[in-house]
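Asker: Have a look at this one.
The values are calculated or read from the model by the stated rules, or taken from the named source; none is laboratory data. Predicted model, so just to flag it, every value in this text is computed and none were measured. No Cβ is skipped: glycine too gets one built from the backbone with ideal geometry, and neighbour counts run over all protein chains shown. The area values use the complete protein model at the heavy-atom level, side chains included, leaving out ligands, DNA and RNA. Shrake-Rupley method; radii C 1.70, N 1.55, O 1.52, S 1.80 Å.
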Amino acid sequence: QVQLVESGGGLVQAGGSLRLSCAASGSIFTINLMAWYRQAPGKQREEVAAITSGHVPNYADSVKGRFTISRDNAKKTIHLQMNSLKPEDTAVYYCNADIVSGSDYDYKPVDAWGQGTVVNVSS
């Protein structure tokens, strides 16, 4: 089994910063792409940022220049540093990972999701 656990959400005023973290655990052979998604009330879930195993990031236009995604392959963690937060960043943030699970040549792909962490930005 594979598990993703997020942390770091909370309430912050507009212009402030938060740092989200996500740790993967379980029967993991390798982790490919890791990403952060968010879902605001009444809206569809959207990708915020993603990072490859080679540390190449990609950002949604709405967060470019404000958010930074990083990754520690050894610790199986990713982080999302969010600066200059805006009320429209308010959402539940989810960690996602493209994982190859298993061992001893018995592998299977797993599209893993965390339980979500709430980010609330007040104006």
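Asker: Among residues belonging to segment 11-31 that are surrounded by 13 or more Cβ atoms within 10 Å (Cβ to Cβ) and within 15 Å of the chain's Cα centre (by Cα), point out the one that is farthest from R71 (Cα to Cα).
Answerer: L18
Asker: State which residue pairs qualify: first residue closer than 17 Å to R38 by Cα and inside segment 59-75, second residue at pLDDT 95 or above and part of a loop (DSSP other than H, G, I, E, B) in any location, beta carbons under 7 Å apart, and separation of 6 or more residues or different chains.
Answerer: R66/N83; R66/S84
Asker: Working carefully through the options I51, I99, find the one that is open to solvent by less than 30 Å² (accessible area, probe 1.4 Å) and either in contact with a Lys or Arg (Cβ under 6 Å, 6 or more places away or on another chain) or of a type in the set (S, T, N, Q) (or both). I'd like the intermediate steps shown before the answer.
Answerer: Working: I99 fails: either in contact with a Lys or Arg (Cβ under 6 Å, 6 or more places away or on another chain) or of a type in the set (S, T, N, Q) (or both).
Answer to the check: I51.
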